[in-house]
1. Looking only at segment 110-124, which residues are farther than 16 Å from Lys138 by Cα and of a type in the set (A, V, I, L, M)?
2. Tell me which residues, restricted to segment 145-175, are of a type in the set (A, V, I, L, M), closer than 24 Å to Ser116 by Cα and either surrounded by 16 or more Cβ atoms within 10 Å (Cβ to Cβ) or touching a Phe, Trp or Tyr at 6+ places or on another chain (Cβ under 6 Å) (or both).
3. Would you mention how many residues in segment 55-97 are farther than 21 Å from Arg246 by Cα, among the basic types (Lys, Arg) and in a helix (DSSP H, G or I)?
4. Does Ile286 satisfy the condition of being surrounded by fewer than 16 Cβ atoms within 10 Å (Cβ to Cβ) and under 22 Å from Ala202 (Cβ atoms)?
5. State which residue is least open to solvent (accessible area, probe 1.4 Å) when the search covers only segment 119-144 and only residues that are polar (S, T, N, Q) and either more than 26 Å from Ile164 (Cα to Cα) or touching a strand residue (DSSP E or B) at 6+ places or on another chain (Cβ under 9 Å) (or both).
6. Which one is nearest to Ser195 (Cα to Cα) among residues in segment 248-270 that are touching a residue at least 12 places away in the same chain (Cβ under 8 Å) and open to solvent by 80 Å² or more (accessible area, probe 1.4 Å)?
7. Return yes or no: is Ser207 surrounded by fewer than 11 Cβ atoms within 10 Å (Cβ to Cβ) and among the hydroxyl-bearing types (Ser, Thr, Tyr)?
8. Tell me, which helices (runs of 4 or more DSSP H) lie completely within segment 196-277 with 1 or more residues that are within 20 Å of the chain's Cα centre (by Cα)?
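The values are calculated or read from the model by the stated rules, or taken from the named source; none is laboratory data. Keep in mind that what you see is a predicted model, and the values were worked out from it rather than measured. Positions of Cβ are backbone-derived with ideal geometry, glycine not excepted, and every protein chain shown enters the neighbour counts. For accessibility, only protein heavy atoms count, side chains too; no ligands or nucleic acids. Shrake-Rupley method; radii C 1.70, N 1.55, O 1.52, S 1.80 Å.
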Amino acid sequence: IPNSYAGLDTLCTNYPNALIAMEVGTHSPWISNYLKDRGHRVIVANARKLRAIYCNERKSDKRDAQMLAKIARVDTSLLYPIEHGSVDNLENRQRIAMRDTLVKRRVDLINSVRFSLKSLGVRLMSPSSASFAGYARKALATYPTKLELVEPLLVVIETMTEQIKESDRYLKEEMLEMHPEAKRLMQIPGVGALSAVSFVLAIDDASRFKNSRDVAAYLGLVPRRDQSGDVDKQLSISKAGNRQMRTLLVQCAQYIMRKSSPDSDLKRHGMRIAERGGRIAKRKAIVAVARKLSVVMLTLWQKQIDYQPLVALKAKTA
């Protein structure tokens, strides 16, 4: 059937109140929500876990569908079901994703302007992205032909900057009001409105985690494991789950690890790991702080408590 509302309506008419299994993908969020609203039980399978499908030597769409149906009939837990958020949740996450796309494309355009001018003998400094267009025009005032060359890109950069500012305004005013729990997370130095709201949207329901430490695994911040007998390899993090949220947590961890950042248990935890020396130790420290930060954020949300930067220190002196 086609991936359209009309095609899904036909499916619902032919198979009312059915158990429907599907792989996670581009269309799975809206299709699963639509089918659930029509009274079906929908299982969205984690594609990373389905070795029975992607390791099949005679893989095809038809055989994939048959395998999904067989596994769903035997034990749905073998599909490692994924829960997509509500329609409002998905729309807000898309808003943040689109803002992220605008920021990245603006950087690409700024680099294009700088590299193009550099090849013509003009070097531009790197001010803030928001002020780049105005700065470039002033710097090129004595080079009218070169300014005319890059002016179309400068106009696009200015437009993108205005759209990013509008997205930031909506994030800080509208989305923080829709998700007041994010304001509590912003008590942590280094966690801004973007990171706090993104975390709330990525988790959706704090009660889904019985153990707060599980959130780190959910966001792909725990090491992969390959243990057999006496062999237990030390592997890199799994990088599963929401990539954007994982990136934001790492950026927050980098801020927490700065020398100028306020003292906290998170910072001390990272410094102990970084003291082992070398670039690898520093990278491991940042990832470890990001992992611990995700647990702290979920704990504040679940228990509805305020952030205490030096809990471990208070416990020792008590």
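1. Leu120
2. Our first condition is that a residue be of a type in the set (A, V, I, L, M); within segment 145-175, this holds for 147, 149-150, 153-157, 160, 164, 171, 175.
Subsequent filtering for residues that are closer than 24 Å to Ser116 by Cα retains 147, 149-150, 153-157, 160.
Matches in segment 145-175: Leu147, Val150, Leu153, Leu154, Ile157, Met160.
3. Residues in segment 55-97 being farther than 21 Å from Arg246 by Cα, among the basic types (Lys, Arg) and in a helix (DSSP H, G or I): 4 in total.
4. no
5. Let us first name the residues in segment 119-144 that are polar (S, T, N, Q), namely 119, 126, 128-129, 131, 142.
With the extra rule that they be either more than 26 Å from Ile164 (Cα to Cα) or touching a strand residue (DSSP E or B) at 6+ places or on another chain (Cβ under 9 Å) (or both), the set shrinks to 119, 142.
Numbers: Ser119: 94, Thr142: 110 Å².
If we take residues in segment 119-144 being polar (S, T, N, Q) and either more than 26 Å from Ile164 (Cα to Cα) or touching a strand residue (DSSP E or B) at 6+ places or on another chain (Cβ under 9 Å) (or both), then Ser119 is least open to solvent (accessible area, probe 1.4 Å).
6. We begin by selecting, within segment 248-270, every residue touching a residue at least 12 places away in the same chain (Cβ under 8 Å); these are 248-257, 261-270.
Checking which are open to solvent by 80 Å² or more (accessible area, probe 1.4 Å) leaves us with 251, 254-255, 268.
Numbers: Gln251: 9, Gln254: 13, Tyr255: 12, Arg268: 21 Å.
So, considering only residues that are touching a residue at least 12 places away in the same chain (Cβ under 8 Å) and open to solvent by 80 Å² or more (accessible area, probe 1.4 Å), the one nearest to Ser195 (Cα to Cα) is Gln251.
7. Spelling it out, Ser207 is indeed surrounded by fewer than 11 Cβ atoms within 10 Å (Cβ to Cβ) and among the hydroxyl-bearing types (Ser, Thr, Tyr).
8. In segment 196-277, 214-218, 243-256 are the helices (runs of 4 or more DSSP H) which contain 1 or more residues that are within 20 Å of the chain's Cα centre (by Cα).
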